[in-house]
1. Check residue 132 against each of (1) away from the ligand (no atom under 16 Å from the Cβ); (2) loosely packed, with under 12 Cβ neighbours inside 10 Å and name the one condition it does not meet.
2. State all residues of the stretch 14-28 that are surrounded by 14 or more Cβ atoms within 10 Å (Cβ to Cβ) and touching a helix residue (DSSP H, G or I) at 6+ places or on another chain (Cβ under 7 Å); if no residue qualifies, say none.
3. Go through the stretch 103-114 and count every residue that is surrounded by 12 or more Cβ atoms within 10 Å (Cβ to Cβ) and either free of Cβ contacts under 8 Å to residues at least 40 places away in the same chain or not in a strand (DSSP E or B) (or both).
4. Report the residue count in the stretch 1-13 for those that are within 19 Å of residue 49 (Cα to Cα) and surrounded by fewer than 22 Cβ atoms within 10 Å (Cβ to Cβ).
5. Do we find that residue 100 is under 30 Å from residue 138 (Cβ atoms) and surrounded by 19 or more Cβ atoms within 10 Å (Cβ to Cβ) in this structure?
6. Please state which of the following conditions residue 82 fails to meet, knowing it meets all the rest: (1) within 18 Å of residue 222 (Cβ to Cβ); (2) touching a helix residue (DSSP H, G or I) at 6+ places or on another chain (Cβ under 9 Å).
7. Given the condition more than 30 Å from residue 236 (Cα to Cα) and surrounded by 10 or more Cβ atoms within 10 Å (Cβ to Cβ), answer yes or no: does some residue in the stretch 137-151 qualify?
Ligand code: GLU
């Protein structure tokens, strides 16, 4: 337990709620107990959910609660910037690295095409259709289109996202301090978007890149994120971290 580094990573999508304060408190206490560092990182890559003034509210609220970061937005530190929108330039490179290694791919599907796929799958008896190892075979992505077609689309300025290529049937295993061993088969995970058409990373990519870059030793987050953890573990494996 040397050099413990933990982070509270709220998205400025509204005021800080009690669940957030609780997560911040657990991180803070864990850092204090181990003489570690408590970091505040602002995850503001979702431009559609950005709320003006939310970040200042979160900072004020933490201060009011006496849960003060050692490092982060408003506090400085050697791993900054701590606001993801200011780190924007570095994420694309990571997404492209995965594309080059065949662990991610460009996808050009429009919202209408995605919706049509979901409808088709539902009619075929799949209750919650996903973009995955099976359905991606029938979509407009670089795994299906020719290299020439892909280049043509990019040159023409067609919108695309970068999706993670999920293995079809593999077990991902990790140890959660509260739940114990969690095992999930990749057949239940979809090809999540890592990089969006607006030039921003999704939460998943930015979060794991920054946890790595900021040398986070323990991830303490709300339980609603447990279903995303297997995917994050796979991303760590893809990057070799
Ligand atoms: N930005 C995420 C949130 O607001 C962070 C979750 C995490 O700690 O990974 O919930």
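The values are calculated or read from the model by the stated rules, or taken from the named source; none is laboratory data. Treat the numbers as computed from the prediction; the structure is a model and nothing was measured. Using ideal geometry, Cβ is built from the backbone for each residue, glycine included, and neighbour counts are taken over all protein chains shown.
1. With (1) away from the ligand (no atom under 16 Å from the Cβ); (2) loosely packed, with under 12 Cβ neighbours inside 10 Å applied to residue 132, the lone miss is (2).
2. Hits for the stretch 14-28 are 14, 16, 21, 24.
3. 5
4. 2
5. Against the criterion (under 30 Å from residue 138 (Cβ atoms) and surrounded by 19 or more Cβ atoms within 10 Å (Cβ to Cβ)), residue 100 does not qualify.
6. (1)
7. For the stretch 137-151, residues more than 30 Å from residue 236 (Cα to Cα) and surrounded by 10 or more Cβ atoms within 10 Å (Cβ to Cβ): present.
Residues checked against (1) without any contact (Cβ under 8 Å) to a residue 60 or more places away in the chain; (2) away from the ligand (no atom under 13 Å from the Cβ); (3) closer than 18 Å to residue 212 by Cα; (4) under 21 Å from the mean Cα position of the chain (by Cα):
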site: 2; (1), (2), (3), (4): yes, yes, yes, no
site: 7; (1), (2), (3), (4): no, no, yes, yes
site: 42; (1), (2), (3), (4): yes, no, yes, yes
site: 57; (1), (2), (3), (4): yes, yes, no, no
site: 60; (1), (2), (3), (4): yes, yes, no, no
site: 65; (1), (2), (3), (4): yes, yes, no, no
